[in-house]
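The values are calculated or read from the model by the stated rules, or taken from the named source; none is laboratory data. The shown structure was predicted, so the numbers you read here are calculated from the model rather than taken from an experiment. A quick note on method: Cβ atoms are made from the backbone with ideal geometry, for glycine too, and the neighbour counts reach across all protein chains shown.
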Amino acid sequence: MHADRGYGDGGTVGGMPSRTLTVPAPLDVAATLRTSAAKAVGRVGAGDGGIWWVERSPVGPVSVSVQRTEDGVEAEAFGPGSVWALEHLPDLLGLGDDPAAFDPPPGPIRHLHGRSRGMRMGRSGLVWSALLSAIVGQRVTAEEAHNAYLGIVRRYGEPAPGPVEAMVPPAPDRIASLGYEDLHPLGVERSRAVTLIEAARRMGRLEAVTGLPHADGYRLLTAVRGVGPWTAAIVMGAACGDPDAVAVGDYHLPNLVAWVLAGEARATDERMLDLLEPYRGHRRRVIALLERSGLRAPAYGPRVARRRIGSS
């Protein structure tokens, strides 16, 4: 439950659109906003006294400063996407989610959930941003994904509006105009580049995912060549708020799930899904709790070799 004290044209701070929400329950703003960001790269950062969320909305770039108050949040927005972002602020902050409704049995998940009551499951409504991060993160290490994403944003994005030093992701039509060879020097090989460009060219249809039942959303996303269950789950979780999204095909996630839930250092996707089955309906929250915990499966065995793609 939350109360709203105005936004958009009805509320301004120093001439900027603003919105104040009263949130009686615990709320960890940074942790919640990261559930609204795709896996490989977050666009959430700390500022003076608050949290910044920087994105490309359907109507243009936006920067939102979110300040936690004693009884809620105060948000101030900058840029063409200000009113859109403030309208969607309750979704971004997961205010339709009730962490107290998740009641896992005694064990590690119950313990982690108790430590993270302020983390809610948010949704951004931004399919393109989630796809961009997820596709760049396919089949590479987190470091490689991060570097490639930053390269794309720095070359094809634009500075964020407002008093924050950050870059906004490029618009889909900017990426749609490229050839795969344009992305290769940034560390994105041909297969991922082709998938990203194809997704950008289809965004007119793919934006509909946010208004579809989750099963239909997965079908529409995976109709894009190169978008499989892993990518679709990341998009459906971050952009659409699917509470049960599981990124099948992840290199580390099965091991993490098996280590925490069963004391097993290595696992397959099938074993991971078996261990997560008791939490069906809440598996996205369970995964978020595990990834936020700092726990890791033992790091023995061969490491994934980093590949050199493109130039430095």
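Points to keep in mind about this one:
- Residue match in region 149-158 (condition: touching a residue at least 60 places away in the same chain (Cβ under 8 Å) and touching a helix residue (DSSP H, G or I) at 6+ places or on another chain (Cβ under 8 Å)): yes
- Selected residue (criterion: surrounded by the most Cβ atoms within 10 Å (Cβ to Cβ)) from residues of region 95-132 that are closer than 13 Å to Ala288 by Cα and of a type in the set (Gly, Ala, Ser): Gly122
- Filter result for Thr32 (surrounded by fewer than 16 Cβ atoms within 10 Å (Cβ to Cβ) and either within 16 Å of the chain's Cα centre (by Cα) or modelled with pLDDT under 95 (or both)): no
Each row is one residue, and each column tells you yes or no for (1) in contact with a Pro (Cβ under 8 Å, 6 or more places away or on another chain); (2) surrounded by 13 or more Cβ atoms within 10 Å (Cβ to Cβ); (3) at pLDDT 95 or above; (4) over 28 Å from Asn147 (Cβ atoms).
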{"site": "Val248", "(1), (2), (3), (4)": "yes, yes, yes, no"}
{"site": "Ala258", "(1), (2), (3), (4)": "no, yes, yes, yes"}
{"site": "Thr268", "(1), (2), (3), (4)": "yes, no, yes, yes"}
{"site": "Asp274", "(1), (2), (3), (4)": "no, yes, yes, yes"}
{"site": "Ile287", "(1), (2), (3), (4)": "no, yes, yes, no"}
{"site": "Gly294", "(1), (2), (3), (4)": "no, no, no, no"}
{"site": "Ala299", "(1), (2), (3), (4)": "no, no, no, no"}
{"site": "Pro302", "(1), (2), (3), (4)": "no, no, no, no"}
{"site": "Arg306", "(1), (2), (3), (4)": "no, no, no, no"}
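- Within region 190-210, considering residues that are charged (D, E, K, R) and surrounded by 15 or more Cβ atoms within 10 Å (Cβ to Cβ), the one nearest to Val248 (Cα to Cα): Arg192
- Qualifying residue in region 133-142 (condition: under 22 Å from His252 (Cα atoms), surrounded by 16 or more Cβ atoms within 10 Å (Cβ to Cβ), touching a residue at least 60 places away in the same chain (Cβ under 8 Å) and not assigned by TED's automatic domain parsing to the domain that holds Ala200): no
- Among (1) basic (Lys, Arg); (2) modelled with pLDDT of 95 or more; (3) in a loop (DSSP other than H, G, I, E, B) - the single one Arg174 does not satisfy: (3)
- Single condition Gly107 does not satisfy, out of (1) under 16 Å from the mean Cα position of the chain (by Cα); (2) at positive phi: (1)
- The lone exception for Pro213 - which of (1) surrounded by 18 or more Cβ atoms within 10 Å (Cβ to Cβ); (2) closer than 21 Å to Val246 by Cβ; (3) of a type outside the set (A, V, I, L, M) it fails: (1)
- Reported count of residues in region 244-281, each being more than 19 Å from the chain's Cα centre (by Cα), part of a loop (DSSP other than H, G, I, E, B) and either in the same structural domain as Tyr218 (by TED's automatic domain parsing) or within 19 Å of Thr141 (Cβ to Cβ) (or both), is 1.
- Whenever a residue of region 167-196 is among the polar types (S, T, N, Q), its partners that are in a loop (DSSP other than H, G, I, E, B) and surrounded by fewer than 16 Cβ atoms within 10 Å (Cβ to Cβ), lying with C-beta atoms within less than 8 angstrom and at least six residues away or across chains, give the pairs Thr195/Arg225.
- Meets criteria (crowded, with 18+ Cβ neighbours inside 10 Å, at pLDDT 95 or above and either over 21 Å from Arg285 (Cβ atoms) or not assigned by TED's automatic domain parsing to the domain that holds Arg201 (or both)) for Gly81: yes
- Note on region 177-211: among residues that are of a type in the set (Gly, Ala, Ser) and part of a helix (DSSP H, G or I), the one that is farthest from Val127 (Cα to Cα) is Ser191.
Table: residues versus (1) within 18 Å of Ile109 (Cβ to Cβ); (2) aliphatic (A, V, I, L, M).
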position	(1), (2)
Leu186	no, yes
Ala200	no, yes
Gly204	no, no
Leu220	no, yes
Ala258	yes, yes
Arg280	yes, no
Arg283	yes, no
Ile287	yes, yes
Leu290	yes, yes
